[in-house]
Amino acid sequence: MRGKANVCSILDVSIDWFTATFTEGLKQNFAKAKCEKVMKEAEAGGLERSYTNRLGFVGERVDGFFYGLRGDSLMVIGSGATADIQAPFFLGLAEKCTRLDLAATLHDGDTGRDWTVIAYNQCKRDGRISSGQMKTHRIEGSPDGRTLYIGSRSSDRFVRIYDKTAESKGAYPPRTWRWEVEYKYPRAGGVATRLAANHWSPASKMDILRSGLGDLRVNLPCAGVSSGWLPRRPHLETTDETRLKYAARVIGPFLTNLIRNVGEKRVTDALARSLLVRERIVSRETGELEAK
């Protein structure tokens with residue numbers, strides 16, 4: 001007997017989260033006015049606004065929406081249905097998009113199928129994952145919750161695949177699954193630009209989501225073909241200042257831990273042998289080797 005088709009029906013596809021920042025100026029003034037309008041509309045709908053602090057930005061929040069100031073900067077956060085509605089305005093105006101999540105909710109007629117297992121077996125074929133360069137983590141909750149994480153939450157791309165029925169406590173029909181890709185700066189900005197160029201259409205959201213998952217060998221199990229478009233990290237020019245910042249952020253902590261583990265003398269000796277501490281250079285004037 002033939003098995004059921006490996007395809008789910010689409011319930012929705014949307015922007016599930018965005019974070020945008022604005023510095024002083026006309027754009028920030030427009031953003032503030034829009035934020036206040038969103039707040040008042042939420043209040044008119046019976047929701048209560050409250051003061052809060054997010055990442056040092058002090059402001060107000062209402063269900064699914066926050067805006068606040070830190071110095072001269074304004075930060076706006078949208079989540080859930082509010083994010084999908086408000087993203088075109090705020091991301092179209094923002095000077096920086098620091099986070100942008102895309103999500104598709106699919107319903108599977110086969111209640112015995114576990115998409116976290118299927119996706120895990122798919123992504124293991126990717127060399128970055130099979131080599132350990134990119135981490136995966138699958139958990140099973142109680143009673144039916146299952147979640148697969150691909151990548152690191154601190155990276156600029158992070159994937160979640162989970163049982164939406166269990167996560168929503170039955171608000172969705174049995175065996176409804178959610179596929180999410182969380183993009184952070186700088187990739188988030190590229191995604192926002194792509195969506196704006198395609199008028200924030202559901203088709204463009206689905207394409208970016210499908211392409212992002214496909215890059216990790218994970219197939220989104222619904223009808224449609226991927227364009228293969230991926231947000232690329234922009235090339236950043238390196239200077240002595242950026243190298244010093246990298247040394248302070250990466251090399252400094254690495255050497256500190258190494259000294260703690262093996263002792264300062266061994267590290268110093270190793271560095272001397274690598275000619276970092278005791279460098280030999282050729283004098284431009286004499287052409288002779290000099291110790292420095």
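Here are a few things to note about the model shown:
- Note on the chain: GNM, Cα springs under 10 Å; of L216, L93, L55, the largest mean-square fluctuation is that of L55.
- Length gained on full extension, K169 to R249: 24.6 nm, using 0.36 nm per residue less the C-alpha separation.
- Set K164/K205; K32/K96; K27/K96; K135/K205; K34/K96 screened for pairs whose C-alpha atoms are more than 21 Å apart: K135/K205
- Karplus-derived HN-Hα couplings along the range 63-75 (A = 6.51, B = -1.76, C = 1.60, θ = phi - 60°), whole Hz, x at Gly and Pro: 3, x, 8, 8, 8, x, 10, 9, x, 8, 9, 10, 10
- Only helices enter the 222 nm calculation for the chain: every DSSP H run of n ≥ 4 contributes -39,500 (n - 2.57), and dividing by all residues gives -10500 deg cm²/dmol, rounded to 500.
- Among D240, D84, D163, the largest mean-square fluctuation in a Gaussian network model of the chain (Cα springs under 10 Å) belongs to D240.
- Contact order relative to length of the chain, as percent, for alpha carbon pairs under 8 angstrom and 6 or more apart: 16
All of the numbers you see were taken from the coordinates with simple rules; none came from a lab. Here the structure is a predicted model, which means the values were calculated and not measured.
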